[in-house]
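What follows is one structure encoded as structure tokens, with my remarks underneath.
The values are calculated or read from the model by the stated rules, or taken from the named source; none is laboratory data. Since the structure is predicted, the reported quantities are computational estimates derived from the model, not experimental observations. As a convention, Cβ positions derive from the backbone with ideal geometry for all residues, glycine included, and neighbour counts pool all protein chains shown. SASA here: full protein model, heavy atoms, side chains in, ligands and nucleic acids out. Shrake-Rupley method; radii C 1.70, N 1.55, O 1.52, S 1.80 Å.
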Amino acid sequence: MESVARSQSATGPDAPASERTLIYRQSRWTRLTHWLWAISLFFMLLSGLQIFNARPQLYIGKQSGFGYNNTIFEIGAENTNAGPRGYTEIFGHRFDTTGVLGWSGPAGNETARGFPSWATIPSYYDLGTARVIHFFFAWILTTTLLVWLVASLINGHIRRDLAPRLDDLKRLPRDIVDHAKLKFHHTREYNTLQKMAYGGVLFVLLPLMIITGLAMSPSMDSVLPFLNELLGGRQTARTIHFTVMVLLVAFFVIHILMILAAGPINELRSIITGWYRIDPPSHDDKAAERSA
């Protein structure tokens, strides 16, 4: 995410892509943390779905169980005249999700389970192994995020590249329109939507996921006893944790779509090698430079 002012060529605005300017945009540290987070979140997601299968319901409040009416989300299976069917219930609204959620598996060998075997690690039901994998990568993610935060504060990366400025906020409506039209500007700096999206993930979603994860751990009650009360109980923390996971998956999907739309070769080269091809200066930029 850090920009370094090194370029290979400078050309006119109508130059082909092969002749446009290459800059060293992503530092080694940025690329390393990016892939560590990506790998960690992948294993945490799939192992987390396996853990969720042990009790595929979400609640609001400190209590959970048949004696309470605070379930807001549930994946399950039920017997019907047509045979076993899977369902997903959200705020009292039930949807048939047979074959994917609640009731899934090879034809003739389906079983009742929240998320299907292809979406969990391990694919078979093994809560102990799933917890080991989940916590291992959770600590990798947490440690890397803390080191990145300290380093980025020291070297000015957050202030220079991620913090939205007044000019960024003024350009926000135009950025939204350009993205809706799949019109992208390849520059050294991140656009406003990128800054807001990356900032939301790095400073809101990931810390919230870590905090709610700690709040669900009984062993952390003695260390951080206030977390449960702050979050409204362990069950509410679990619901927030799951919601953050859904938001991170949504971010990932949009992130991939934007990479494909903006030019996958250029975007992947940037996060693998650090080099990024930017657009040549526009006629307006050149006129501004001459008048300065």
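Assessment of the stretch 73-81 against the conditions (of a type in the set (D, E, K, R), surrounded by 15 or more Cβ atoms within 10 Å (Cβ to Cβ), at pLDDT 90 or above and assigned to a loop (DSSP other than H, G, I, E, B)) yields no matching residue. For the stretch 134-160, filtered to residues that are more than 19 Å from the chain's Cα centre (by Cα) and surrounded by 15 or more Cβ atoms within 10 Å (Cβ to Cβ), the residue that is farthest from Phe42 (Cα to Cα) is His157. Which of the residues spanning the stretch 114-133 are open to solvent by 50 Å² or more (accessible area, probe 1.4 Å) and of a type outside the set (Ser, Thr, Tyr)? Answer for the stretch 114-133, where residues must be open to solvent by 50 Å² or more (accessible area, probe 1.4 Å) and of a type outside the set (Ser, Thr, Tyr): Trp118, Leu127, Arg131, Val132.
Return the residues of the stretch 126-177 that are basic (Lys, Arg) and under 30 Å from Arg113 (Cα atoms); say none if nothing qualifies. Within the stretch 126-177, Arg131 is the sole residue that qualifies. In the stretch 225-238, the residues that are β-branched (Val, Ile, Thr) reach residues that are modelled with pLDDT under 85 and surrounded by 18 or more Cβ atoms within 10 Å (Cβ to Cβ) with C-beta atoms within less than 9 angstrom, at least six apart or across chains, in these pairs: Thr236/Asn228.
Hey, could you check the stretch 88-103 for residues that are at negative phi and assigned to a strand (DSSP E or B) and say which is surrounded by the fewest Cβ atoms within 10 Å (Cβ to Cβ)? So, considering only residues that are at negative phi and assigned to a strand (DSSP E or B), the one surrounded by the fewest Cβ atoms within 10 Å (Cβ to Cβ) is His93. Restricting attention to the stretch 192-247, the residues that are outside any helix (DSSP H, G or I) and of a type in the set (A, V, I, L, M, F, W, C) add up to 2.
Residue count for the stretch 161-188 under the criterion of being open to solvent by less than 60 Å² (accessible area, probe 1.4 Å), out of contact with any strand residue (DSSP E or B) (no Cβ under 6 Å at 6 or more places or on another chain) and more than 17 Å from Ile254 (Cβ to Cβ): the result is 4.
Val244 fulfils the conditions (1) buried (at least 18 other Cβ atoms within 10 Å of the Cβ); (2) over 30 Å from Phe115 (Cβ atoms); (3) free of Cβ contacts under 8 Å to residues at least 60 places away in the same chain; (4) not basic (Lys, Arg) except for a single criterion, (2).
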